[in-house]
Amino acid sequence: MPDALRDVREWAGQPVTETPIKGGLSHRIARLDAADGQRWLLRVLDPRVSAAGLGIPLEQEIANTVRAADAGVGPRVLHRMPGALLLEYLDGVTLDADAVRALPEPVASACRRLHAGPRFVNDFSIFRKLGEFLALCRVHGLSVPRGYEDRLPSAAEIERALAADPLPTVPCHNDLLPQNFIRCGRQVRIVDYQLSGNNDPAFELGDIAAEADYDPDLTDRLSRAYFGGDEPRLTSRVRLNLIMSNLTWTLWFAVHHGLLREQAADADFDYDAEAADKFAQAARDLDDPGFGRLIDDVRGRAPRIPHPPHHHARRLA
Ligand SMILES: Nc1ncnc2c1ncn2[C@@H]1O[C@H](COP(=O)(O)OP(=O)(O)O)[C@@H](O)[C@H]1O
Ligand SMILES: [Mg+2]
C-alpha cells in the first residue's frame, strides 16, 4: 500500500490521504482524497488471490476493468501501477442483500449494459471453476462440506442440460454479490472484476439471485427484467445457474479458508460457515421435486407431468 500511495502522489503532484475501506474479502481497498478535493479509489490487488485460483490473473482483471468502464458500468481506470489500480470513485451507496432484493430491474439493466459492452479478454465457465477448486481441495487436503462429492453428478447433469441449447456468451462479472453493486442515483454501477470473463448471461443472473437470497418468484422477475420475457427455457436456465453458483462458491470459501488462512483471519469473516450455508442451499434446490422440470425446460422437452386434460375443457366451458 505505501508504494502505491507514493506512486499516486507523484502522479497527482499533490498530497493525498488514504482511508481504508472495509468490506472487500480479497484485496486492500482505500478511498484517496487529494488536497484539491479530488477523490479516487485505490485497489491494491493481492497476488495470492489469483495465485490460489480465487481470481483471474491481474493483467486480465485490469484489461476487463477497462472494458467494463467502456461499457459505462465499471469505474474508469485513471492510473495503473504494478499490482494496483487507481479508479474513479463512485460516489454512491454500496448495496446490501435487502437492496438487491428491492432493485431487480435496475440490477438487470446494469447487467444488460455490461453485457452489451466490449467482450472481455478471457472466458469463464462455472463448471470449469468448480473442477479447478475441487482439484485444489484434493491436492491440498482441504475440507469440503460433508456430502459435497455426492452432488457432482447433478452438476454434470446441469452442464449437459445447459449445453443442449446454449446462449451466446457475453462479458460477465461472475461474482455479483451485493457489495459489488453501487447505486449512483438511478443507475447501478458494478465494481470488482476479479472473476470476470465471457460467460452465459444466465449465470450472471443466477449468481445475483443466489448471493442476495432471492426466492424463485424474485429470481423469475430478475430474468424477465433482463430477457424481456418469461420463457421457461430462460427462467429455468437462471434457476439452474443459481444452484451452480451456490455449489461452486461453496468451494471458493473452502479454498480461501484453506489456502489464505492468515488473510482470512484479518477479514473478520466466517469462511467455513459461509461454505456450509451455500452448500445447504444448493442441496436444498437439488433435492426439490421441481429440479427435474428445470432440466426439462432448458432442454426444451415437454414437461414430465402434462397438464390434466379437464383443465383445458373447463376453460372452454
Ligand atoms: N470505484 C469505487 N468507488 C467507490 N467505492 C468503491 C469502488 N470500488 C470499490 N468500492 C467499495 O469498496 C468495497 C470493496 O471493493 P471491491 O473492489 O469489491 O474489493 P474486494 O475485491 O476486496 O471485494 C466495495 O464493496 C465498495 O463499497
Ligand atoms: Mg468485492
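The values are calculated or read from the model by the stated rules, or taken from the named source; none is laboratory data. All figures in this text were calculated on a predicted structure; none of them were measured in a lab. Methodologically, a virtual Cβ is constructed for each residue, glycine included, from the backbone with ideal geometry; neighbour enumeration extends over all protein chains shown. Calculation scope for accessible area: heavy atoms of the full protein, side chains included, ligands and nucleic acids excluded. Shrake-Rupley method; radii C 1.70, N 1.55, O 1.52, S 1.80 Å.
Some observations on this one:
- Only helices enter the 222 nm calculation for the chain: every DSSP H run of n ≥ 4 contributes -39,500 (n - 2.57), and dividing by all residues gives -16500 deg cm²/dmol, rounded to 500.
- Ordering F279, F133 by accessible surface, largest first, gives F279, F133; the 1.4 Å probe counts only protein heavy atoms, with every chain in place.
- Accessible surface, per residue, of the chain when the full set of protein chains is kept, probe 1.4 Å, Å²: 47 Å²
- Ranking L259, L85 from most to least accessible surface, computed with a 1.4 Å probe over the protein chains only, gives L259, L85.
- The alpha carbon radius of gyration of the stretch 2-88, expressed as a multiple of 2.2 N^0.38 Å, is 1.08.
- Length released on extending from R31 to A156, taking residue separation times 0.36 nm less the Cα-Cα span: 40.7 nm
- Rel. contact order, % - alpha carbon contacts under 8 angstrom, at least six apart, the chain: 17 percent
- Centroid-to-centroid separation of the stretch 1-65 and the stretch 90-146 [C-alpha atoms, Å]: 21 Å
- Shape call, the stretch 93-299: gyration tensor on alpha carbons, a/c limit 1.5: oblate
- Computed about its Cα centre, the charge dipole of the stretch 93-299 is approximately 660 debye, with only Lys, Arg, Asp and Glu carrying charge at their Cβ.
- Solvent-accessible area, 1.4 Å probe, carbon plus sulfur percent, for the chain: 51 percent
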